[in-house]
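What follows is calculated from the coordinates using simple rules that are stated; it is not laboratory data. Just so it is clear, the model here is predicted, and its values are computed rather than measured. Positions of Cβ are backbone-derived with ideal geometry, glycine not excepted, and every protein chain shown enters the neighbour counts.
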Amino acid sequence: MLVALIAAALGSALLFSVGGDDSAKLRRWAIAAAGGILLLAVSLLTGFDPAIATPQLAIDWDWLPALGIHFSLGLDGLSLPLLLLASLLTLLAIASSPADQSRPRLYYSLIFLAAAGMVISLLSRDLMLFVLGYELELIPVYLLISIWGGEQRGAAATRFLIFTAISGILLLLGAIATAVLSSQPFSFSLDQLQTVDLPLALQLPLLLLFVAAFAIKLPLVPFHSWQPAAYGQASPAIAMLLGGAISKLGGYGLFRFGCSLFPEAWSLIAPSLAVLAAITALYGTLNALRQTDLQRLVAFSSMGHMGTLLLALAAGTPLALQGAIAQMVAHGLILALLFQLIGTIERVTGRRDRDQLSGLLNPIRGLPLTAGLLLMAAMASAGIPGLVGFIAEFLIFQGSFAIFPWATVGCIAASGLTAVYFVSLINRACFGKLDNQEARWRSVTASERWPAVVLALTVMALGIAPQALVRWSEGSSLAIAAHLPQPLQSTIAEGRSRSTPVFPTPSLSAVLQ
């Protein structure tokens, strides 16, 4: 089944590269192909046991044995939620693309090729196979931005290419060095590498290579300058895929390789990572306050949420790690919804500047549903209870406060400021006076509406029933937390054990009951 999923994505990329040139027809076929990939991903739920932390449906074939490379695949509670997210957003990104898309064969082929890279990375149990999938999405995304992006797409795409290439080089160096220093015999097998106990003097430089590589991908301060440009210049459909799914490979990589391969070194640098998390969260949020372009506002908002994700990984408690997985899924859904709605507003009005929009909720504008969903997405991003963003941040803050209280307070402050810039956006764009030249714009079509409705319903459903999200990853997050050494955390928390904590740390089951 895992091989079929990869073959479906790669096969779709190949088939669409040799198809016809009827854009509307190709779009329908692309939606059908992406829907088939999503159904394959959903079918994995039937045989998956969330209580098992080890990889399930595992495959291990010799591929290049002389180089220690295996075609090794597996599914666990960390990869499954992100695989479902990537499959869903691939479908909805295609559905959000215009029916008259220029150069449709190349466009849809590149989307499926990027999707194949994500699938390979998420299912890989071989470090070099992960690097292959990680690099596979580089050129497709570069072309998707440089060909179909905004007015400054060339500069944005080039910056994305440079930063992502540096990330890939650092990752490749880290992978080779880890395999050389860890394996006897030489191998990139993740299962074999996890059994090796490297001395701390070797773990630390290796870990820093991986952290730098994935910090660029997320991104984190100070490796972030590509993100506002790329998110701002990419078409909304590609921004959905890039911000909602592809960038999550950074968080996934920190989980899979940072925490798991180098646990002692991870605990050593955890306090520094917590400080970086708070800086990233506050930097992204404060910059979002200054933005008027909606897509750039969402880009900086995304950076704030990635800071919260890093805080959870630094804390390393079971509750925080569970929240981190939920945060990646929740953020991907909310970000994709925001970009989809911004794209719809821009197509209908010709504008995406906050100060040039007003009265979108007024029915006379023809955009009341779109504006209403924008209001809901803003509430979800701000962590309002009842929506999926709340449970992710709640778990993270509960699990991290006892370990890094001041960094947690910084991320909580950033989360609170999220409401400030979204309230400003909603107040100006949705509730303003009808003072633009056009009193009414065209109505939103059904094909423009349904991707946003699907995302909005998912955001609400997972917020109302969060157990449907977190149950799949509980076994894996507990196993990763157990793998991390606890003396550092115990030392940090010991000084606070005599006082009543602001955030008592309950068990996961107690939180969700």
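Okay, residues lined up against (1) in contact with a Phe, Trp or Tyr (Cβ under 6 Å, 6 or more places away or on another chain); (2) more than 24 Å from residue 479 (Cα to Cα); (3) not in a helix (DSSP H, G or I):
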position: 309; (1), (2), (3): no, no, no
position: 325; (1), (2), (3): no, no, no
position: 333; (1), (2), (3): no, yes, no
position: 341; (1), (2), (3): no, yes, no
position: 348; (1), (2), (3): yes, yes, no
Among the candidates 135, 151, single out the residue that is charged (D, E, K, R) and within 24 Å of residue 74 (Cα to Cα). 135
Taking the conditions exactly as written (closer than 30 Å to residue 34 by Cβ, in contact with a Lys or Arg (Cβ under 8 Å, 6 or more places away or on another chain), assigned to a helix (DSSP H, G or I) and not hydroxyl-bearing (Ser, Thr, Tyr)), does residue 230 satisfy them or not? yes
Test residue 431 against the stated conditions and say whether it is buried (at least 19 other Cβ atoms within 10 Å of the Cβ) and either within 25 Å of residue 452 (Cα to Cα) or more than 17 Å from the chain's Cα centre (by Cα) (or both). no
Top-ranked residue of segment 351-398 - restricted to ones that are within 21 Å of residue 420 (Cα to Cα) and in contact with a Lys or Arg (Cβ under 7 Å, 6 or more places away or on another chain), ranked as surrounded by the fewest Cβ atoms within 10 Å (Cβ to Cβ): 355
Do we find a residue being without any contact (Cβ under 8 Å) to a residue 60 or more places away in the chain and in contact with a Ser or Thr (Cβ under 8 Å, 6 or more places away or on another chain) anywhere in segment 319-339? yes
Picking from 241, 289, the residue that is surrounded by fewer than 24 Cβ atoms within 10 Å (Cβ to Cβ) and not polar (S, T, N, Q) would be 289
Considering each of 64, 39, 10, 88 in turn, give the residue that is touching a helix residue (DSSP H, G or I) at 6+ places or on another chain (Cβ under 8 Å), surrounded by fewer than 22 Cβ atoms within 10 Å (Cβ to Cβ) and not basic (Lys, Arg). 10
